[in-house]
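The values are calculated or read from the model by the stated rules, or taken from the named source; none is laboratory data. Everything quoted here is computed from the prediction, not taken from an experiment. Note that each Cβ is placed from the backbone with ideal geometry, even for glycine, and that neighbours are counted across all protein chains shown. Areas reflect the complete protein model, heavy atoms only, side chains present, ligands, DNA and RNA absent. Shrake-Rupley method; radii C 1.70, N 1.55, O 1.52, S 1.80 Å.
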Amino acid sequence: MPRLLVVHHTPSPNLQAVLEAVREGVAMVEEVDLEVRPALSAGPADLLAADGVLLGTPANIGYMSGALKHFFDTVYYPCLDATVGLPFGVYVHGGDDTAGALKAIGTVTGALRWKQVAAPLSLTGAPTAEDLEAARELAATVAVSL
């Protein structure tokens with residue numbers, strides 16, 4: 001059964017609501033195992049065991065969280081050649097802007113040569129019902145791509 005790894009940094013109630021919507025979205029897809037790991041504890045073994053990855057982070061001062069950057073730093077060389085073409089998706093939550101974080105994530109995933117299978121989800125402010133539905137759809141889309 002394909003495995004979807006969700007690597008996230010969830011320091012706020014807003015991001016916790018989005019993470020729960022992501023879990024619900026993956027649950028809508030049969031025959032996919034879900035592994036949810038905080039970015040600070042996820043490592044190369046988690047990534048190498050996955051058939052796809054969904055990244056979640058706050059936008060902090062125009063950049064991805066330090067926790068997600070740490071994940072990338074940890075997995076980059078051990079997974080560089082082994083994860084080429086890995087399907088991925090991403091969601092970013094910010095107070096008012098997520099562009100810098102999305103650009104930085106795009107740079108790293110591009111260097112890893114991963115394949116983006118869904119449009120990035122950019123959220124600002126308290127998540128609305130529509131935002132949470134978009135998170136469910138993102139997660140289901142990435143899960144189906146496996």
For all pairs of alpha-carbon atoms in the stretch 69-146, what percent lies in each bin of width 5 Å, listed from the first bin to the last filled one? 3, 15, 22, 22, 21, 11, 5, 1
Express as a percent, rounded to the nearest 5, the fraction of DSSP beta bridges in the chain (both residues included) that run antiparallel. 10
Mean accessible surface per residue for the chain, computed with a 1.4 Å probe while every protein chain stays in place, in Å²: 45
To the nearest 0.05, what FRET efficiency results for residue 73 and residue 16 with a Förster distance of 30 Å applied to their C-beta separation? 0.75
Can you compute 3J(HN,Hα) from phi for each residue in the stretch 47-62, using the Karplus curve 6.51 cos²θ - 1.76 cosθ + 1.60 with θ = phi - 60°, rounded to whole Hz and x for Gly and Pro? 5, 5, 7, 9, 9, x, 9, 10, 9, x, 7, x, 8, 10, 6, x
What is the mean projected area of the alpha carbon convex hull for the stretch 8-146, to one decimal in square nanometres? 7.2
Of 55-62, 32-39, ordering from highest average Cβ density within 10 Å down gives 55-62, 32-39
Can you pull the one-decimal nm distance between simple spin-label points at residue 41 and residue 107, each 7 Å off the Cα toward Cβ? 3.0
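For the stretch 40-126, which whole percent of the accessible surface, found with a 1.4 angstrom probe, sits on carbon and sulfur atoms? Spell out each step's value before the answer.
Working: 2130 of 3720 Å².
Carbon plus sulfur share of accessible area: 57 percent.
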Packing rank of 82-88, 137-143, where each peptide gets the mean count of other beta carbons within 10 Å, highest leading: 137-143, 82-88
Could you give the length gained by full extension between residue 33 and residue 128, i.e. 0.36 nm per residue of separation minus their alpha carbon distance, to one decimal place? 31.5 nm
